Every structure is written in C-alpha cells, then in structure tokens.
Amino acid sequence: MAGAKEIRSKIKSIKNTQKITKAMEMVAASKMRKAQDRMTATRPYAEKMRNVICHLAHAHAEIKHPFMVEREVKRVGYIVITSDRGLCGGLNVNLFKKTVSEMMVHHDKGIEIDVVAIGRKAVEYFKRRGANLVAQASHLGDTPHIEELIGTVKVMLDSFAEGNIDELYLVSNDFVNTMTQKPVVSKLLPVAGPDDAQLKHHWDYIYEPDSKVILETLLMRFVESQVYQGVVENIACEMSARMIAMKSATDNAGDIISSLETMYNKARQAAITQEISEIVAGAAAV
Amino acid sequence: MLIQVDIVSAERDIWSGQATMVFAPGEMGELGIAPRHAPLLTRLVPGEVRVRDENDEDTSYFISGGILEIQPHHVTVLADTAIRAEDLDEAEALEARRRAEETMADRRSEMDYARAEAELAEMAAMLETIKKIRNRKR
C-alpha cells in the first residue's frame, strides 16, 4: 500500500483538477445561456431569408440563376463548422465521423471534395487528413460577426459560380437541447426549387434594377446567413457539451477523491497500529 | 389597412409589427410602400427605413444596405450588419484562402506548430483586450 503522504498529495492534485473542471463547468453554463440567446436572435433572419427564397422559387422567374440549377456532380464542396477549443466531450469527434461518412459516399463515386474549415479543430483535423482545404476561418470567439465569415464563404460561392464545384454542403451541429447535439449535413447549393408543373399561378416579382443582380445578392446572403446561423448554433452546442463534459469530470474527480480518502484513512490507521504494536513490543522487552 | 413589416439583420431581430406605410432607400431611389403593393425585390442602399404606424407617427431605423422583399401584405427588410462592397468581399476571400494555403504548406514539426499557435492565441487575446479597452474609452 502506498504511503499516507503520497496519497495525500494525490488527493490534493485531484482536488485542484476538480476545482478547474468545476470552474469550467460554471463558465460554460453561463456562456451557454448567452449563446442560446444569440442563437434565437439570429434565427428570424435565417427564417425570413428562407421564406423569401421559397417565394422566389415559387415565382415564375424570368431567368434561372446558376445557383438554382442542378448539374452533373464532379466535385463537391463542404463547409465544416467546429469549435475552436476542445474539452467539449464528443462534439467535434461525432461531427467528423458524420462528415467523413458523407464524404466517403462521394469519394466512392469518384467525386472530388473541397473543404472549407471553420473553427480550429476542423482546420487541424483536415490538415492531418490531407484534405483539400481551400479556405479557413478560426478564432471567431464567443460572439462571431458575419463579417468574419464573408470571405470564407465567398471562396466557396465563387468556386460554385465558376463551376469548380457542383454542390455545396454545410456540416454543423444542430442544437436539440442542452443534453443533445446532433451533427447534420445540409445541402446549400444548388437551391432546390419546385417543378414548374407544380406552380398554380404564374407571377413574378418586379426586380429593381434587374433580376440577375438581385438574385445573386440574395442567394449569396442566403448561404452566408445559413453558415452564420450554423456557427452561432455551434457555439451554443459547444458550450452545452462542455458543460456536460465538465460536470461529469467533476463528478468523477469527486468519486476518485472519496476512494482515495478511504485509502488514506486505512493507511493512517495501519501506521498508528504499527506504531502502537512497536511501542508495546518495546515496553515488553524492557 | 395595415401592412406587416419585419426588419431583421443577420445578428438580431430589429423590429417587426404593423404599419400603414413604409419608406425604404432602394437602389433606384426611395420607395414608398403602401399595403397591396405589387411583389417586388430590390437591393437597399445605406440609409434609413421609415415605418409609419396607425397614429401617423414615423420611426426610423438606420440600415447599411440589404435586401427588400415586398409581398402585397408583407414587407421584409433583410438588413446587412456589415458594410459591404464587392472589392472588400474579394479581399476577405483572398485572406481566407491564404490562411488555408498557409496551413497546408506548413509541414514543420508539430512542436513548432504548437508554439506558433500558442503565440498566435496570445496575440489574439491581446488584440481582443486592446479592442475592449478602446471600446470602453469610447
């Protein structure tokens, strides 16, 4: 059995760790609340944007924008959103698993893949895997601004407009509730419209100045807003995942401490017993 | 007769409610939108969106550009939060691409990478603090 002193120092170090995990849990909990508020604040824009796009898809537009036309798929683009920091349970790992399984489907068909990584973890992961990383953004902080993402998204949009990629996917975590986050893959481009046959009445917007420019702007904003929403949601996911992970780490530390304390008491008891028996034996010898 | 108005930006909900009339700075000139306006899509230039309520009182919201969608009983203003310009976007895109290339080209030992990263994180934190202090002074 280890000496009492060693056990005591072990307990001390675990208590320190526990303090840290406890603090991280509380920080994550308070950040999560803010992140959730932000998530609800950004939702209306994404929703309204989707509405407008939906109206647009139903309108009998005079031209079809390239972003709305399906074409043969030779190369696809992925925008993958992860957190900057680790210590948040299986959040990023699950997302990568999902991404890789999706990518394998494309890979097996001989379709090439371009990746845009948002968040430090994604950058590191795809670098290690040797993926074709075309753009990246990281260190967005807890309050990301859409300005920081515009460039990164534009790389993919340009690539799509030039015909380098034929489909664009977004991979991010969906915030179900505090306990559950689900990695989801959604298709951003081309924007799917209903068939012409389904349209009941033919109407179209008045476009000022002309439809091409507006559609271009609108679809760009649409993709940007979806990515931004993904980033904001991912932060809420990260914080809640971290809170849960740190809570269980704190609980585990507590368990270890209590078992070590039992061990320490036993060791102490053994030392006292030994001392007494030595004294008794010494006294008997006199 | 009223028209439903929603003014939203990517980062937050700005205003939504009923109005009798809405004025918005369209790219081709200011638009006055009354209920039952024809469906219209236009880009907005930086300026103010004025909303007139039932009591004939105007409320103004500044926007730095965006998109305006009009349906007969519904007006949606999708406001930009950032100042947008084609060349500005282009510069951002180049920057993002350069970062990725740098990462891919960086084949030095993990140790170097870790150190560089730590330094970078520190600089970022420093910048953040400077920004915060500046904001406070303002």
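Any read-out appearing in this document is the output of simple, stated calculations on the displayed coordinates, not a laboratory observation. Keep in mind the model is a prediction, meaning the values are calculated, not measured. Don't worry about glycine lacking a Cβ; one is built from the backbone with ideal geometry, like all the others, and counts go over all protein chains shown.
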Output the relative contact order of chain A, whole-number percent, from Cα pairs under 8 angstrom with separation of 6+ residues. 33
How high is the FRET efficiency from A:H145 to A:K12, r the C-beta distance, R0 41 Å, rounded to 0.05? 0.40
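Defining a contact as two alpha carbons under 8 Å apart and six or more residues distant in sequence, what relative contact order in percent does the stretch A:38-184 show?
Details: 182 pairs, mean separation 43.4, N = 147.
Computed value for the stretch A:38-184: 30 percent relative contact order.
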Quick one: angle between helix A:4-58 and the longest Cα principal axis of chain A, in degrees between 0 and 90, rounded to 10, please. 10
Rg to Rh quotient for the protein assembly as shown, alpha carbon positions, Kirkwood Rh: 1.14
How many angstrom lie between the Cα centre of the stretch A:36-71 and the Cα centre of the stretch A:94-115? 26
Taking a crude spin-label model, label points 7 Å out from Cα along the C-beta direction, the A:D204 to B:F62 distance in nm is 3.8
Residues in the stretch A:95-113 that a label on A:V73 would reach, taking backbone N under 11 Å of a point 7 Å out along Cα→Cβ: A:102-112
Compute the distance in nm between two label points, each set 7 Å from the Cα along the Cα-to-Cβ direction, one at A:D108 and one at A:V286. 8.6
Between A:Q274 and B:E48, what is the spin-label point distance in nm, taking each point 7 Å from the Cα along the Cα→C-beta axis? 8.6
Between B:E95 and A:V213, what FRET efficiency comes out of the Förster formula 1/(1 + (r/R0)^6) with R0 = 30 Å and r the beta carbon distance, rounded to 0.05? 0.75
Let me know the Rg and Dmax you get for the stretch A:140-270 when you use only its Cα atoms, in Å. 25.1, 91
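Quick one: which of A:K187/A:K247; A:K187/A:K212; A:K31/A:K182; A:K121/A:K187 span more than 31 angstrom between C-alpha atoms? Kindly include the intermediate steps, with their values, before the conclusion.
Details: A:K187/A:K247 35 Å; A:K187/A:K212 22 Å; A:K31/A:K182 20 Å; A:K121/A:K187 22 Å.
Correct reply: A:K187/A:K247.
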For chain A, longest principal axis from Cα atoms; helix A:211-285 axis from its Cα atoms; angle between them, nearest 10 degrees, is 10
